[in-house]
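K.L.:
Mind looking over this structure? Questions follow.
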Amino acid sequence: MSSTYLFEISWEVCNKVGGIYTVIKSKSADVRDRYEKYFAIGPYFPDKHRSEFIEEPVPHEFNAAFNRLKEQGIVCHFGKWLTDTEISAILLDFSGFTARKDFVKAELWDMFKIDSLYTSYFDFDEPVIFSYAAGMAVEEFSKGKKAIAHCHEWLAGAALLYLKGRKANVASVFTTHATVLGRSFAGAGLDIYDAKFSADLGKPEYRTSMLPKHQIEEQAAKNADVFTTVSPITAIEAEKFLGRKVDVVLPNGLNTGKFPTFEEASIKHRLYKSKIKEFLLYYFFPYYDFDIDDTLIYFLASRYEFRAKGIDIFIRALGDLNRKLKARKSSKTIVAFFWVPGNVGEIRPELTENKSFFKDVKDSITDEHEVLMERLLTSMIASKSTCDESYLLGPSLLDEVRKKLLRFKRAGVPPLSTHTVHSEDSDQIFNAFKASGLLNRKADRVKVVFYPIYLTGSDGLLDLSYYEAMQGAHLGVFPSFYEPWGYTPVEAAALGVASVTTDLSGYGRYICDQSRDKESPGIFVVRRFGVGDDEVVKALAKILDDYGSLGVQERIKNKIDAKHLASLTDWKRMIKNYENAYNLALERA
């Protein structure tokens, strides 16, 4: 175990904003096993981390430093971050330091020509002030010690620049998880990997918002002892926009031991699939019915980034699949969920009503459960037809259920979303559904459900958490156009669920490199690098069709393959990349 002091600085320490929170939290135990003096440094937002940060007395070695920082308006809170284990964390209350904002910006200009003095956006100012304060803190904490500062993203870049500007005796590592320019341009639908693409930073809108973030990121990358990113695909992006080749790639990992075994996953799949199928009964069956036992559940779960997350491609591929299945007169039904939080109102009133009527019918039958079981057993032993409703239910219950079912039936077609959606006429997902002919008509073999809220486990409909909903499905589809890493496919795999990703995703590239089988069973990789959208749609539609044609045993094999591929990303395997980066930084410093 190394005695080197390791300070990991991020806006997302004890502050769940995005994927970096998951990266740092999930690997923290493995880092601490290698670095006894490991401290995570983040912002102090007590309302956000009340359930995961326990404040403790300040260690004697930091007392003097904490006092000196307090005199400058930076109040340090020492404690334990409750990750997979307990790790030491130092959270900085920088509210008393904000008065020095203009001084910080002026210094960044003087030393690194970062043009931010006239930029005043809280999403820029807050992280810059925090990270500058974090740099001051690390300088104090590391005096007379062998130390490394690992800074994540532009949001912690000012910490690294402070240390470099002061020539502090601290080795530095900078990680970009996604570049400012890359994320912005890809989100606008531009192909940043095209050799002809170049960023025009002379536009006025870049000077007021994007430019200073980019400049901090660029200078942090250029001045770090070691520059890293999370995947080879992002390394291409980083070199293009930041002007420096990546020294070490740090692929993201998971604590796969915390995920269910294959046997446990099989049990949970049956349990949660039954809950999803019950949802389908009151979502679709008031309008028409289909064979619920010959139905597969596909899903996409992501932020509402229509192009970047490949939502557009998935919808078009589903449209192609729908036409294929209809042309073959297939009896199979595919239901595709879009778990994509959006700008929504309330649950659709007709859906609330459907659920209420369904529950009424279910309760009527459940109340007579013992009688029904007795009659079913008697019928089977006596070799009577078990389909005789009048015998099984009895005349009174049969009449009651039939009346309730009449209330349950509706005219028209099922809605495209579970909730009302603001500006539905201009919503990209709705318009794409309509353009691809996915209208939830009875004849459609592919049904779609836009579920535009977070899966909390208590939303009044599915009532499943994110992981539970994934486990109840058959196939996760994540055809991202821009995805520096992409946790969702590997999370699905770790849960024993087959998935689709692309070679524009960091994880997709990793799977291509690691898997000996070019078809990557369990996790299918669609080629998107240098490939036109029409070809991508065609390839994805084929995967969706082929997977739907698999038998039960073949799907089980895919689940096993998926679990195996997930095991390749365990932190115990991945953490060595961090050790390599830290050792290299110490050598260079």
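Just so it is clear, none of the values below were taken in a lab; they were calculated from the coordinates. Keep in mind that what you see is a predicted model, and the values were worked out from it rather than measured. Don't worry about glycine lacking a Cβ; one is built from the backbone with ideal geometry, like all the others, and counts go over all protein chains shown.
K.L.:
Report the label-to-label distance for Ala327 and Ala435 in nanometres (one decimal), using points 7 Å from each Cα along the Cα→Cβ vector.
P.N.:
Those two pseudo-labels are separated by 2.1 nm.
K.L.:
Can you figure out the FRET efficiency of Glu424 with Ser458, using R₀ = 22 Å and their beta-carbon distance, to the nearest 0.05?
P.N.:
Numbers: r = 26 Å, r/R0 = 1.16.
The calculated FRET efficiency here is 0.30.
K.L.:
If a paramagnetic tag sat 7 Å from the Cα of Glu61 along the Cα-Cβ line, which residues of the range 76-108 would have the backbone N under 19 Å from that point?
P.N.:
Correct set: 76-81, 86-91.
K.L.:
List Leu565, Leu439 from most exposed to least, where exposure is judged by having the fewest other Cβ atoms within 10 Å. Show your work: numbers first, answer last.
P.N.:
Details: Leu565 25, Leu439 15.
Ascending number of Cβ neighbours within 10 Å: Leu439, Leu565.
K.L.:
Can you give the FRET efficiency to the nearest 0.05 for Asp200 and Lys362, using r as the Cβ-Cβ distance and R₀ = 45 Å?
P.N.:
Numbers: r = 60 Å, r/R0 = 1.33.
About 0.15, to the nearest 0.05.
K.L.:
Starting from the amide H of Asn440, placed 1.01 Å from N in the peptide plane, find each other amide H under 5 Å away whose residue is 5 or more places distant or on another chain.
P.N.:
Amide H to amide H, under 5 Å and 5 or more residues apart or across chains, Asn440 pairs with Val448.
K.L.:
Calculated from the structure, semi-axes √(5λ) of the Cα gyration tensor in Å equals which of (i) 36, 33, 26; (ii) 50, 26, 23; (iii) 36, 28, 24?
P.N.:
(ii)
K.L.:
Going down the list Lys275/Lys434; Lys309/Lys447; Lys258/Lys559, which pairs span over 26 Å between their C-alpha atoms?
P.N.:
Working: Lys275/Lys434 28 Å; Lys309/Lys447 20 Å; Lys258/Lys559 17 Å.
Checking Cα-Cα distances, Lys275/Lys434 exceed 26 Å.
K.L.:
With Cβ to Cβ distances under 12 Å as the rule, what net charge do the other residues near Lys48 carry (K, R +1; D, E -1)? Please list the in-between numbers first.
P.N.:
Working: positive: Lys16, Arg50; negative: Glu12, Asp47, Glu52.
Residues close to Lys48 contribute a combined charge of -1.
K.L.:
Still on this structure: Angle between the Cα long axis of helix 60-71 and the longest principal axis of the chain, 0 to 90 degrees, nearest 10?
P.N.:
So the helix axis and the longest Cα principal axis differ by about 80 degrees.
K.L.:
Quick check: net charge around Val536, other residues with Cβ under 13 Å of its Cβ, Lys/Arg +1 and Asp/Glu -1?
P.N.:
On the way: positive: Arg307, Arg316, Arg527, Arg528, Lys538, Lys542; negative: Asp191, Asp312, Asp320, Asp503, Asp533, Asp534, Glu535.
Local net charge: -1.
K.L.:
Would you mind computing, in nm to one decimal, how far apart the modelled labels at Glu535 and Phe122 are, each placed 7 Å from Cα along Cα→Cβ?
P.N.:
4.7 nm
K.L.:
Would you mind counting up the charge near Phe197? Only other residues with Cβ under 13 Å from its Cβ, with Lys and Arg at +1 and Asp and Glu at -1.
P.N.:
Numbers: positive: Lys196, Lys240; negative: Asp191, Asp194, Asp200, Glu237.
That works out to -2.
K.L.:
Using the 10 angstrom Cβ neighbour count as an exposure proxy, how do Trp154, Trp81, Trp109 rank, fewest first?
P.N.:
Working: Trp154 26, Trp81 23, Trp109 15.
Ascending Cβ contact count within 10 Å gives the list Trp109, Trp81, Trp154.
K.L.:
Using packing as a proxy for protection, rank 130-137, 346-353 so that the peptide with the highest average count of other Cβ atoms within 10 Å comes first.
P.N.:
Values: 130-137: 28.0, 346-353: 14.6.
Top of the packing list down: 130-137, 346-353.
K.L.:
Work out how much length Gln553 to Asn343 would gain on full extension: take 0.36 nm times their residue separation and subtract the Cα-Cα distance, in nm to one decimal. Don't skip to the answer; put the middle values down first.
P.N.:
Numbers: separation 210, 0.36 × 210 = 75.60 nm, distance 4.03 nm.
That works out to 71.6 nm of additional length.
K.L.:
Between Ala411 and Lys245, take the C-beta separation as r, use R0 = 51 Å, and let me know the FRET efficiency to the nearest 0.05. Write out the running numbers ahead of the final one.
P.N.:
Working: r = 63 Å, r/R0 = 1.23.
Here the calculated transfer efficiency is 0.20.
K.L.:
Between Ser51 and Lys277, what length comes free when the chain is fully extended (0.36 nm per residue of separation minus the Cα-Cα distance, one decimal in nm)? Numbers along the way, then the final one.
P.N.:
Details: separation 226, 0.36 × 226 = 81.36 nm, distance 3.43 nm.
Net length gain for the segment: 77.9 nm.
K.L.:
Another one. What is the distance in Å between the Cα centres of the range 19-84 and the range 463-541?
P.N.:
34 Å
K.L.:
Rounded to whole Hz and in sequence order, give me ³J(HN,Hα) for the range 290-305 from the Karplus expression 6.51 cos²θ - 1.76 cosθ + 1.60, θ = phi - 60°, writing x for Gly and Pro.
P.N.:
Karplus values, whole Hz, x for Gly and Pro: 8, 6, 5, 7, 10, 10, 10, 10, 9, 8, 10, 10, 5, 5, 7, 10.
K.L.:
Now a separate question. For Cα pairs less than 8 Å apart in space and 6+ apart in sequence, what is the mean separation divided by the residue count of the range 518-574, i.e. the relative contact order in percent? Walk me through the numbers before you get to the answer.
P.N.:
Working: 23 pairs, mean separation 29.0, N = 57.
Taking the mean separation of contacting Cα pairs over the length of the range 518-574, I get 51 percent.
K.L.:
With 10 angstrom as the radius, rank Asp463, Asp293 by how many other C-beta atoms surround their C-beta, starting from the fewest. Display every interim value, and only then the final one.
P.N.:
Numbers: Asp463 14, Asp293 7.
Ascending Cβ contact count within 10 Å gives the list Asp293, Asp463.
K.L.:
Roughly what would the spin-label model give for Lys145 and Asp110, points 7 Å off Cα along C-beta, in nm?
P.N.:
2.8 nm
K.L.:
Next up: Per-residue ellipticity at 222 nm for the chain, helices alone: DSSP H runs ≥ 4 residues times -39500 (n - 2.57), over residue total, nearest 500 deg cm²/dmol? Let's see the in-between values first.
P.N.:
Values: 20 runs with 275 residues, N = 589.
Value at 222 nm, helices only: -15000 deg cm²/dmol.
K.L.:
A follow-up question, please. Specify, per residue and in Å³, the volume enclosed by the convex hull of the alpha carbon atoms belonging to the range 81-237.
P.N.:
On the way: hull volume 22.5 nm³, N = 157.
Cα-based convex hull of the range 81-237, divided per residue, equals 144 Å³.
K.L.:
If you don't mind, another one. How fast does the range 18-165 diffuse by Stokes-Einstein, in µm²/s, taking the Kirkwood radius from C-alpha pairs at 25 °C and 0.890 mPa s? Before the final figure, lay out the partial values.
P.N.:
Numbers: Rh = 16.0 Å.
After rounding, the answer is 153 µm²/s.
K.L.:
Longer than 28 Å from Cα to Cα, which of Lys25/Lys538; Lys16/Lys362; Lys16/Lys355; Lys70/Lys101 are they? Say none if no pair is. Mind showing how you got there, number by number?
P.N.:
On the way: Lys25/Lys538 38 Å; Lys16/Lys362 40 Å; Lys16/Lys355 34 Å; Lys70/Lys101 17 Å.
Over 28 Å Cα-Cα: Lys25/Lys538; Lys16/Lys362; Lys16/Lys355.
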